[in-house]
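Taking it in order: structure first as structure tokens, then the write-up.
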Amino acid sequence: MKTHSIAVLEGDGIGPEIMAEALGVLRVVGEQSGVKFALHPALFGGRAYFETGSAFPDETKAICDRCDAILKGPIGLSFEESKKIPVDEQPERGALLPLRKRYNTYANFRPVYLPAELAHFSPLKPRVVEGGIDIVIIRELVGGLYFGEKEVGKRSDGTRYVRETLDYDEHQIARILHVAFKESMGRKRVLHNVHKNNVLKSSVLWCEILDEVAPHYPDVQVKHIIVDAAATALVLNPRQFDVMVMENMFGDILSDLGGGLLGSLGLMPSACIGTEKSYYEPSHGSAPDIAGKGIANPYSMIGSVAMMLEKSFHMPAEARRIMDAMRNVFGQGFTTADLRDPEGKLAPVSTREFSEKVLEQLRG
Ligand code: NAD
């Protein structure tokens with residue numbers, strides 16, 4: 001029997017709740033497809049810090065190194081809880097960024113997808129989202145401001161200062177652009193290049209490299225848009241976009257805006273593709289405000305499992321079945337607590353009930 005090994009990092013907050021449901025779905029897919037998924041749980045994030053003194057313990061690194069792919073739940077603490085941890089060990093700085101760096105997961109795929117029949121979940125007016133929303137945000141994930149050198153200090157007059165640098169080189173830019181062009185080739189062949197070349201020199205280089213890469217993909221039409229204008233355009237007319245490519249921080253912010261267009265970050269799975277190993281996680285954080293209540297939307301975590309099946313294990317049919325099953329559950333009139341119910345006709349279900357219904361679909 002074919003076996004895939006997966007490091008399972010359930011994370012903090014709602015992480016354990018939504019991971020449990022995602023693993024239930026993975027188990028059923030394994031039974032149905034005759035593929036064995038060998039799961040290797042490991043500590044990661046805030047809980048890892050409190051239990052071991054490190055947000056990304058060595059044992060977790062060893063497990064991730066050995067596995068074929070990594071499935072990661074959201075990590076992070078509330079604003080107040082974070083203060084109990086030294087700044088450099090706080091979950092993003094102490095675990096998430098080192099994970100991305102370790103596996104060089106440079107290409108982050110963030111689908112912003114709502115089919116026409118579920119457009120009522122979007123807070124946008126029906127005429128704006130008529131026909132649904134279908135965008136893929138491609139975010140560069142291991143460069144830019146989040147990974148540049150940092151300096152914190154005090155000037156001679158006692159003034160505290162901070163300096164963070166935004167680094168990119170031409171190779172980093174070219175490789176993410178190739179990913180975006182290839183994604184465009186499989187879709188509508190319209191690529192929005194999101195930049196800020198009116199202010200940032202990094203964007204000037206980004207656009208220069210884009211001009212060099214674009215001739216390799218003559219069938220793709222490139223459209224340039226400045227990041228601030230892109231934020232407005234996404235809200236006013238999201239249907240004009242198909243594939244959007246951007247640097248790390250722009251992608252962090254605009255993809256959360258994407259979650260807002262859909263109606264919840266709970267509808268945002270993602271794939272973080274590396275040169276040798278990839279990891280999969282919801283786009284959102286640990287949602288401390290709803291943790292432990294059993295109401296988190298597991299779509300983002302289950303969707304991340306689907307993306308893992310497609311991109312790491314070459315099981316696109318199984319991935320599609322999972323996504324269809326989740327959409328069918330919503331299509332049958334069920335909803336989770338985070339989503340809008342404009343006419344008050346939908347039946348709310350808990351985290352567990354939602355995934356049970358997904359399993360029924362998969363088994364049915
Ligand atoms: P968040 O993404 O955790 O939550 C924002 C809002 O979305 C909250 O109201 C939350 O309840 C809701 N939400 C998110 N996921 C949901 C889901 N699956 N179902 C229903 N509702 C959902 O952002 P935040 O509150 O700013 O951050 C909380 C913590 O998460 C912080 O410590 C932050 O640093 C961390 N974080 C981690 C990641 C990651 O692990 N990749 C990403 C973003 C934030």
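The values are calculated or read from the model by the stated rules, or taken from the named source; none is laboratory data. Remember, it's a predicted structure, so these values are computed and weren't measured experimentally. Cβ: placed from backbone, ideal geometry, glycine included. Neighbour counts: every protein chain shown.
Here's a check for you: in segment 269-291, which residue that is among the hydrophobic types (A, V, I, L, M, F, W, C) and within 8 Å of the ligand (Cβ to nearest atom) is surrounded by the fewest Cβ atoms within 10 Å (Cβ to Cβ)?
Top of the filtered list is 290.
What pairs can you find where one residue is in segment 87-113 and free of Cβ contacts under 8 Å to residues at least 12 places away in the same chain, the other is within 11 Å of the ligand (Cβ to nearest atom) and among the basic types (Lys, Arg), and their Cβ atoms are less than 9 Å apart, with a gap of 6+ or different chains?
Final answer for the pair search is 87/93.
Does any residue of segment 316-327 turn out to be outside any helix (DSSP H, G or I) and either without any contact (Cβ under 8 Å) to a residue 60 or more places away in the chain or not assigned by TED's automatic domain parsing to the domain that holds residue 21 (or both)?
Within segment 316-327, none of the residues are outside any helix (DSSP H, G or I) and either without any contact (Cβ under 8 Å) to a residue 60 or more places away in the chain or not assigned by TED's automatic domain parsing to the domain that holds residue 21 (or both).
What's the number of the only condition in (1) within 14 Å of the ligand (Cβ to nearest atom); (2) touching a strand residue (DSSP E or B) at 6+ places or on another chain (Cβ under 7 Å) that residue 266 fails to meet?
(2)
Taking the criterion of being within 12 Å of the ligand (Cβ to nearest atom), buried (at least 18 other Cβ atoms within 10 Å of the Cβ) and assigned to a loop (DSSP other than H, G, I, E, B), would at least one residue in segment 250-263 satisfy it?
Yes; the residues of segment 250-263 include at least one that is within 12 Å of the ligand (Cβ to nearest atom), buried (at least 18 other Cβ atoms within 10 Å of the Cβ) and assigned to a loop (DSSP other than H, G, I, E, B).
Give segment 72-117 a look and list any residue that's under 24 Å from residue 276 (Cβ atoms) and acidic (Asp, Glu), or say none.
Matches in segment 72-117: 92 only.
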